[in-house]
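Accompanying notes for the structure given below.
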Amino acid sequence: MSDAQPASVYDLSHTEEVENLATFAILVDNEPGVLHRLVGLFAARGYNIESLTVAETDRRAHTSRVTIVTRGAPHVLEQIEAQLEKMVATRHVQDITRDPNGLERELALVKVKGTGADRVEALRIADIFRAKVVDTTIESFVFEMTGASTKIDKFVDLMRPLGLVELSRTGVLSITRGVDAM
């Protein structure tokens, strides 16, 4: 007699879907409550926001640009984009991640404490990464760095053993190459 379980007509196995990062650039009306509604859309559906930047981009047109980085399975990211497009204050949504002309950058300020060989090594690494020294004392540096988030992550990882004290990041900004506007 076999110990095998009888086959079920219901497929209870769950396949893990690969999650991807996505960067959405959203042009919205610059009015009170828009950011709250936008963040509420993510919270209500259990979507995580990994990075969020917002600023007014056109005073005359009363528009702001919101850049949101989130993570999800492809069908979830499509759902997020569709929900963003349905918001009343939304003028345009663009998935920068899928756009071959998309550019993403971030700014970071990195404070490193160190003396002697660690100080020299921190300066050497900063030079390689093209980080700019914006403040210095006898025992510390503050580096300013712009670039892709992965580049900043690598720089920070290298600074940790040399005396990383503090880190401040802007979040991702995005735009597309070429003459067309969003």
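The values are calculated or read from the model by the stated rules, or taken from the named source; none is laboratory data. Note that the coordinates shown come from a computational prediction; the quantities given were computed from them, not determined experimentally. FYI the Cβ positions are ideal-geometry reconstructions off the backbone, even for glycines, and counts take in every protein chain you see.
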Counting only residues that are under 13 Å from Ile138 (Cα atoms) and of a type in the set (A, V, I, L, M), how many does the stretch 105-122 have? 2
Mind checking which pairs have a first residue in the stretch 108-136 that is surrounded by fewer than 11 Cβ atoms within 10 Å (Cβ to Cβ) and a second that is at pLDDT below 95 and not in a helix (DSSP H, G or I), Cβ under 7 Å, 6 or more apart or different chains? none
Would you kindly identify the strands (runs of 3 or more DSSP E) lying entirely within the stretch 111-181 that contain at least 1 residues that are among the aromatic types (Phe, Trp, Tyr), at pLDDT below 95 and more than 28 Å from Arg65 (Cα to Cα)? none
Residue in the stretch 91-100 that is in the same structural domain as Val34 (by TED's automatic domain parsing), in contact with a helix residue (DSSP H, G or I) (Cβ under 7 Å, 6 or more places away or on another chain) and either in contact (Cβ under 8 Å) with a residue 60 or more places away in the chain or exposed (fewer than 12 other Cβ atoms within 10 Å of the Cβ) (or both) present: yes
